[in-house]
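K.L.:
Please see the structure below; I have some questions.
The values are calculated or read from the model by the stated rules, or taken from the named source; none is laboratory data. Worth saying up front: this structure is predicted, and the values here are computed from it rather than measured. As a convention, Cβ positions derive from the backbone with ideal geometry for all residues, glycine included, and neighbour counts pool all protein chains shown. Calculation scope for accessible area: heavy atoms of the full protein, side chains included, ligands and nucleic acids excluded. Shrake-Rupley method; radii C 1.70, N 1.55, O 1.52, S 1.80 Å.
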Amino acid sequence: RASSEGMINPADLNAIEEAMQLKEQTDGKVVVFTMGPPDAEKALRDAMALGCDESCLITDRAVAGGDTVAKAIQLYGEFDLILGGALSADGETGQVAAMVAEELNLPHVVEIQSVKYKEDQAGKVEVVKKMHDTSFRIACATPAVLSVNFGCNEPRLATLRSKRAAKSKPLVTYTNAEL
């Protein structure tokens, strides 16, 4: 998610880092989605400078205030995992990932600390969730939606080279009519 200033939501930076670590383990692909005005493209380019492969901007006055991210993800194609920040910087409501999971009828684990694919079981991930002073390991079938806690990892920084490369990476735009 991008803020109104075109910056990446802080908890989403942690989600991007988790996605990048999974990508490095599996040689997968990371696609980042946001809904906002056309200038939200800046946040998507910033995410691609962090290593995300592609991005999708949902922008149309008709969808202002609504949640059409799930429909855009469906339209975009197949996926194993959907990761998002557990809380947004503005309202801190933690609703987007839960709404996406509900709309796509997928399992959802909230406020995770880390995720990894289970080597001995295809189609499953293991997430670590902390509650108070206790850590829980939860096995979850994929596809799934995971909400990543703010501060659970150290997000990577973009380099000048990666920022330049991000300018040529694919960015799809969806309007209300397409969704």
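K.L.:
Go through segment 132-143 and give me each residue that's in contact (Cβ under 8 Å) with a residue 24 or more places away in the chain and out of contact with any Asp or Glu (no Cβ under 8 Å at 6 or more places or on another chain).
P.N.:
ALA141
K.L.:
Could you list, ordered by first residue, the pairs with Cβ atoms under 6 Å in which the first is in segment 92-103 and part of a helix (DSSP H, G or I) and the second is modelled with pLDDT under 80, at least 6 apart or interchain?
P.N.:
Short answer, once both residue conditions are applied: MET99/ASP67.
K.L.:
Another question, if that's okay. Which of the residues that make up segment 137-161 are within 26 Å of GLU103 (Cα to Cα) and either open to solvent by less than 40 Å² (accessible area, probe 1.4 Å) or not in a loop (DSSP other than H, G, I, E, B) (or both)?
P.N.:
Correct list: ARG137, ILE138, ALA139, CYS140, ALA141, THR142, ALA144, VAL145, LEU146, SER147, VAL148, ASN149.
K.L.:
Of all residues being surrounded by 13 or more Cβ atoms within 10 Å (Cβ to Cβ) and of a type in the set (Gly, Ala, Ser) in segment 162-175, which is farthest from ASP60 (Cα to Cα)? Just the residue, please.
P.N.:
By that ranking, first place goes to SER162.
K.L.:
Something else: Among the listed residues GLY91, GLY85, which satisfies the condition of being buried (at least 18 other Cβ atoms within 10 Å of the Cβ), out of contact with any Cys (no Cβ under 8 Å at 6 or more places or on another chain) and at pLDDT below 95?
P.N.:
GLY85
K.L.:
Would you call GLU178 open to solvent by 60 Å² or more (accessible area, probe 1.4 Å), assigned to a loop (DSSP other than H, G, I, E, B) and closer than 19 Å to MET7 by Cα?
P.N.:
No.
K.L.:
When you go through (1) buried (at least 19 other Cβ atoms within 10 Å of the Cβ); (2) more than 12 Å from the chain's Cα centre (by Cα) one by one for GLU102, which number turns out not to apply?
P.N.:
GLU102 satisfies all of (1) buried (at least 19 other Cβ atoms within 10 Å of the Cβ); (2) more than 12 Å from the chain's Cα centre (by Cα) except (1).
K.L.:
Here's a follow-up. Could you run through segment 44-72 and say how many residues are modelled with pLDDT of 95 or more and in a helix (DSSP H, G or I)?
P.N.:
6
K.L.:
Out of curiosity, is GLY77 without any contact (Cβ under 8 Å) to a residue 24 or more places away in the chain and farther than 22 Å from LYS129 by Cβ?
P.N.:
Yes.
K.L.:
Enumerate the pairs (first residue in segment 116-127 and in a loop (DSSP other than H, G, I, E, B); second residue anywhere and open to solvent by less than 40 Å² (accessible area, probe 1.4 Å)) with beta-carbon separation below 6 Å, excluding pairs fewer than 6 apart on the same chain, so at least 6 apart or on different chains.
P.N.:
Matching pairs, first to second residue: LYS118/GLU126; GLY123/THR142.
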